[in-house]
Amino acid sequence: MFTEKEMVQLFMAAAGSMGFAVIFRIRKDCLLTAAFGGAGAWFFYLLVSKGGGSYMAASLAGAVFCGMWSEFWARRKRQPATVFLISSVIPLIPGNALYQTMNSLVSGEPRDAWRWGIVTGLTMVFIAIGTSLVSALFILREKVRR
Amino acid sequence: MDGVCGEETGLAFDYASGERFLELLLDLGEMMLQSGAEISRVEDTLSRIAHAYGAVPDVYAIVFSIVVTLRFPGRDRGKNSTGSSISITQTRRVDDRDSIDFTRLDQLNDLSRRCCRKPLPLDQFSVELERIREDKGSVKYALLGSMLGSFSFSVFFGGSALDGLAAALFSVLIVFIQNSLGRYSVNRILYTMVVSVIAGTGIGILCRTVPVFDRPMVMIGDIMLLNPGVTMINAVREMMVGNTISGEIRFIESTTWALALAAGFMLAIHLTA
C-alpha cells in the first residue's frame, strides 16, 4: 500500500524524531516512543493524503495523532505530554515548503513564493490546531473527572 | 490541585527565610521556563510548592518574567499576638529561554514532586537545585542528535544518502557555531541570520563544486534543525489554553526567527547561485 519512497520516509521520520529527541535530551527510555511517534505522525499524514485529503487535512490528522500519542505515553512514562508531542510532531513541520518559498523568492517567482508561503503557514496552523484540540479534550476530561 | 500538597510543615518563616525560600522558588521556575516548560506548568508547580511550605501563593508567569507573592499566615494567634502574617513579593527576569532540555525538566519536576510530598529544608532544596543546574548535556550528545536529525530529514524530503551525509556534516558546523557564538549573540534574530548565511553559503559552495549533491535536499536537512517550528506550535498552544500574552510573544518571536532564517538562506542561495 505504501511505495518504497514512502517507506523510506516513514523510517526517516522515526530516525529524525529520535534525532530531535536526543537534542532535547529526552530520557533514554523514551527515545523509542518519540521515534515511533514521529513515524506515526507521518503515517497518518500519508494515509489522509492518499485518501484524497489536502495537505491541511493530512497535517491535521498527523497532529491529532501526535496529541493522542503524547497524552497516552505521558501517563505511562510519567513525563509531561510536551516531551512526546514536540518530538513526534517534527516530521510534519513544513521544511520543504519553507525552502520552496525562499527559493521561489530568490529566483524571482513571487507567485510561487506566495503559494508556498501559504502552504508553510497553513500547515503550521493546522498542526497547532490538531495538537491543541487533543490537549483541550484531555484538560476537559480532567476537569469533568474532578 | 488544592489539598494535594501538605498544609502544615512545621517550617516557620520570618522575613529572611521567607525571602530565601521565594528566591529558591524563583530559581526553580526560571530553570523550568528555560528548559521548555509551558507557562501553566510553571505557575502550577510554583503554587503547589508554596502551598506545601505553608504559604498562600499568587503566581504569575509570562515567557520572560515571573512574579510571585507569598503570604505566610500568622501562626501565633494568642492574646499577645498581632496575628501578623507576612507577605513577600519577588520578580525574576528570565533570559536564555530557547534551549529545550527535557532531562532538566524531568529533574525539576521530580524535585518539586518531592517538595510537595514532604517539604525539604531550604539548604537541601538549594543544594539540589544547584546540582540540577550543573548537569548540562554534553556537546557530543547534541552533536549526535543534530547529525541524526539533519541526515534523516534530508533523506525524508527526497535526498540521497549522500545529501543526508552532507547535511549531517553541516549540522556539525551549526552546532559548533551555536556553541561558540551563542554566548556572544546579541539577539536571536541576528544570530539566526548569521548561522543561516554561514551554513547556507557553505552548502551552496559544496553543491556547486561537487554536483553530486542536490542543494535543496542538503539545505532542507539543516533548515529542519534551525527552523523554529516547535516554538511556533507551542506558541499557538499557549494561546489556546489562555496564556494569550505568552503565546503572542512566542508567536511573534518565532515568526521573526523564521523570517531571519529564510533571509539568511536566501542570501546564501543568491550568493552561491
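Read-outs throughout are calculated quantities, based only on the coordinates presented, and are distinct from any laboratory measurement. The shown structure was predicted, so the numbers you read here are calculated from the model rather than taken from an experiment. No Cβ is skipped: glycine too gets one built from the backbone with ideal geometry, and neighbour counts run over all protein chains shown.
Data overview
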| quantity | calculated |
| --- | --- |
| 5 Å binning of all Cα-Cα separations within the range B:145-273, expressed as whole percents from 0 upward | 2, 12, 19, 20, 19, 13, 8, 4, 2, 1, 0 |
| Gaussian network model of chain B, Cα within-10 Å springs - most flexible of B:Asn179, B:Asn243, B:Asn234 | B:Asn179 |
| 3J(HN,Hα) from dihedral phi, the range A:83-94, Karplus parametrisation 6.51/-1.76/1.60, rounded to Hz, x for glycine, proline | 3, 7, 5, 4, 7, 7, 7, 4, x, 7, 4, x |
| Packing-based exposure ordering (other Cβ within 10 Å, fewest first) of B:Tyr15, B:Tyr53 | B:Tyr15, B:Tyr53 |
| Cα centroid of the range B:121-183 to Cα centroid of the range A:4-37, whole Å | 15 |
| The range B:89-208 - Rg over Rh from alpha carbon coordinates, Kirkwood radius | 1.12 |
| Within 10 Å of each Cβ in A:119-130, the average number of Cβ atoms from other chains | 3 |
| Within a Gaussian network of chain A (alpha carbon springs, distance under 10 Å), most fluctuating of A:Val89, A:Val106, A:Val64 | A:Val106 |
| Percent of Cα-Cα distances greater than 34 Å, calculated over chain B | 35 |
| Normalised alpha carbon radius of gyration of chain A [divisor 2.2 N^0.38 Å] | 1.12 |
| Distance violations [Cα-Cα > 30 Å] among A:Lys50/B:Lys140; B:Lys118/B:Lys140; A:Lys77/A:Lys143; A:Lys143/B:Lys136; A:Lys28/A:Lys50; A:Lys50/A:Lys143 | A:Lys50/B:Lys140; B:Lys118/B:Lys140; A:Lys143/B:Lys136; A:Lys28/A:Lys50; A:Lys50/A:Lys143 |
| Fewest-first sequence of B:Met224, A:Met7, B:Met193 by Cβ atoms within 10 Å of each Cβ | A:Met7, B:Met193, B:Met224 |
| Label point 7 Å beyond Cα of B:Lys140 along Cβ direction - residues of the range A:4-31 with amide nitrogen under 16 Å | A:23 |
| Likely footprinting exposure, B:Thr244, A:Thr131, B:Thr209, A:Thr120, fewest C-beta neighbours within 10 Å first | B:Thr209, B:Thr244, A:Thr120, A:Thr131 |
| For the protein assembly as shown, the spread of Cα positions along each principal axis, largest first, Å | 88, 46, 37 |
